[in-house]
Amino acid sequence: METCMVLLSGAPMCVVVLDARGQLVGCNDTFEQSLGPVEKFADLRFNDIASSEAARHKLGAAIESVGRGEALKVSVTDVEMELKGEGGTPLSGFFDWSVGLVSAALSNILDKSAHYEGGRGLILMGEPCSEQTVRQRAKDSETTDFIQNAPIPLQSTDCKGVIQWANLAMLDLMGYTQDEYVGRHCSDFAPDDQKDLMSEMAKAVHCGKKIKEVPVCFYRKNGGIVPLLLDTNGSYSEDGSFHHTRCFFRDDTGRRVREVRAEALVDEMDRSLSLLDNFMSNALHFVRTPCNVMTQALDAARGQLDSALHENHSTPVVSVAAKAAILESKLMLDVTAGQLIDLTRTLDDVSDLQRFEQGAELRPVISDVELLPLCHSVMAECALRCHDGVECVLDIGEGKATLPTDPKQLRRVLHHLLANAAMWTRQGSVHLSVMHGVYPNGAPRCDFSVTDTGVGIAGNIDVFGKYRQPQSMGKAPKGGSELSRKYLASVQQARDRQVEAIGSLSNAKGVGLGLPLSYNITNALGGELCFSSEPGNTEFSFSLPYLAASASTLAPEEAAAHYDAIPTAGLTHMRITRKSASCELCAYDEMNFDTITSSSSACSLPSLLSNASLSSREEALNGDDTLAKRFTRTEDDATTKNPTEAEFFSPPDVEPRVVTLHDVASLGLAAMELPHVLVVEDTAMCSKVLKMSLTKLECTVDIAEDGKQALEAVKKSIENHRPYQLI
């Protein structure tokens, strides 16, 4: 025992013995050398010699705890105390003290001041620590407090998924205490449908993957389910073995509520658009049906007037006034019939543009179209609409006489472009030019151009948001615009257009359907409508391929032979005025341009006229051309059995993309997002075909015309944290 006491007395650490009252009754040499003799502290409680109030409180609490028997040993760190410096200079230092019980015999050995009165005392062993150690401990304490009291739920699991630690936010979120939560397997809190996902996440973490934003659900203590987003990765030991996971949780309730609301809004929007579609279809049907009846009645009345006029010519006794009355009545009928035809065309335009806005695709009915009669007739109609003194000029270049395309849709485009030019041109001319050229890849094409000398379009006006200034004439058109828009954006734009139209009804000269409809039709026919404008010179142009879609897959030799087989014609130049337009248009009264083919006509115009099919009026009388017949909406429609009977069709639904649990475990919410693709293409049709195909594959697609735009798009996608998966 004496040997042990000698060792304690000469130990390199400070050893102090306190009586039951907490006063110092003995110490070893190291203590006296560091802090001073025992007499210096005779009238003080030992904890009072600490330098700061916090240190005194901390040390006093430890001494009282051991003295009352609440603990056999208590450690207190970083206790600042005044040291005995050289020459009596006061210094301060930090000690780590360990407090425990000692026997009376040991107290007597260390009691150098002979003040010990017996009883159980306390022994304190203190070891000095450096200021660097104290600062590091303070930082560690701050870090521990930062993690433990962080507002974000955190926890750690071992390699088997057993929870090793959880901070207060995680415990509050789950409603458990530390003892109830730590030590249990994380799958104990997961619903049954989430256990497979937990297993996939464990595999991914063990493979070294970092998991972000995985949607999970946990049972709380009260039985409720809380949706969370989990971010986690693994911690590994120096030998490469798995140590533990780092799991960060965020409340996912808000995101899921927003998703449910968004789905409800989309469903409601689909329902509203379906109701609007049905309403528009029924409304147009009930408006167009009387138009057909009125057309029939007008044709019958006109026939009776023609018969009466013929009888009057053969009867000389009929007065001139009677003949004039018949001619005037016939003229009124012709005007009424013309207005009725315009109304019918407007109804067709409204319904067709509605289909385009809803994402339907036009199915062209391709046939070989004679360019001269089609362009001549539509130019004559334009001349009737022109102001006095405005001349209409038609130029068809030397080359192929026919073009494989949809005659009805081509005529609609030319009609709208020429009508628009005639409306805004008060002097000068309206010019329709049809020339023959080639695409950059050498494929033949037919170039259509409508120019006028009207007021022009201001440079700061984006015509319906779908047109752009062409780079240069003679090159294949570049760029383009999206034909499909998101639901909310389309509804807002439609409302804006309605408000703007209502505000300018007094100045309106048209419905405003012609240009956007022409743009969509030219896209469906294989071209793109472009424009350039300056005061006194406005031009709308587009190009159509000579090889139809059915011939586009032919070998080069077969394609060349197919093109060489198209008949040719010489140069055509015509000037049509408003006075001569009626006579020139009468030649086409019995012609149906919707069904003109080169096989049903000779190269000469008289032969073509003699072999014409039913007139457009007679065709309208043969059936009710309603929306239900003209558009394919479902697989049960009769028009789907014969594709040539339907002008439009809705793209087939694509099977929904399947997201596996492995994808969710590895990628989190990113696995549920649509793939983000950037298409870099300077040819409009190629980019549109790619975009249409990728959209059907449930991809979000952006278009860039050149490398500069592509680089800007890539930078923007990275800034928005939505990088492209494919370029």
**Item:** Nitroxide proxy distance, nm - points 7 Å out along Cα→Cβ at Y439 and K40
**Value:** 9.9
**Request:** Kindly flag which residue pairs out of K210/K716; K323/K579; K209/K715; K58/K160 have an alpha-carbon separation exceeding 31 Å in this structure.
**Result:** K58/K160
**Asked** So what's segment 238-320 giving for Rg/Rh, alpha carbon basis, Kirkwood Rh from the mean inverse pair distance?
**Response** 1.76
**Item:** Gyration tensor (Cα) of segment 264-421, equivalent ellipsoid semi-axes in angstrom
**Value:** 38, 26, 14
**Request:** Report the charge-dipole magnitude of segment 266-389 in Debye, nearest 20, computed about the Cα centre from +1 at each Lys and Arg Cβ and -1 at each Asp and Glu Cβ.
**Result:** 520
**Request:** Just order 123-133, 264-274 by mean Cβ neighbour count inside 10 Å, highest at the front, would you?
**Result:** 123-133, 264-274
**Fill in**
Heavy-atom accessible area with a 1.4 angstrom probe orders M13, M174, most exposed first, as M13, M174
**Complete:** Nearest-0.05 FRET efficiency for R220 and H243 at R0 = 25 Å, using Cβ-Cβ distance, is 0.30
**Message:** Just to compare against my own numbers: the Cα pair-distance distribution for segment 688-727, 10 Å bins, whole % per bin, please.
**Reply:** 27, 53, 20
**Request:** Sort 404-415, 709-720 for me by packing, meaning the mean count of neighbouring Cβ atoms within 10 Å per residue, highest on top.
**Result:** 404-415, 709-720
**Message:** If packing is taken as the average number of other Cβ atoms within 10 Å across a peptide's residues, how do 35-41, 188-194 rank, most packed first?
**Reply:** 35-41, 188-194
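The values are calculated or read from the model by the stated rules, or taken from the named source; none is laboratory data. These numbers come from a predicted model, not from an experiment. Every residue, glycine among them, receives a Cβ derived from its backbone with ideal geometry; neighbour counts consider all protein chains shown. What goes into the accessible areas is simple: the full protein's heavy atoms, side chains included, and nothing from ligands, DNA or RNA. Shrake-Rupley method; radii C 1.70, N 1.55, O 1.52, S 1.80 Å.
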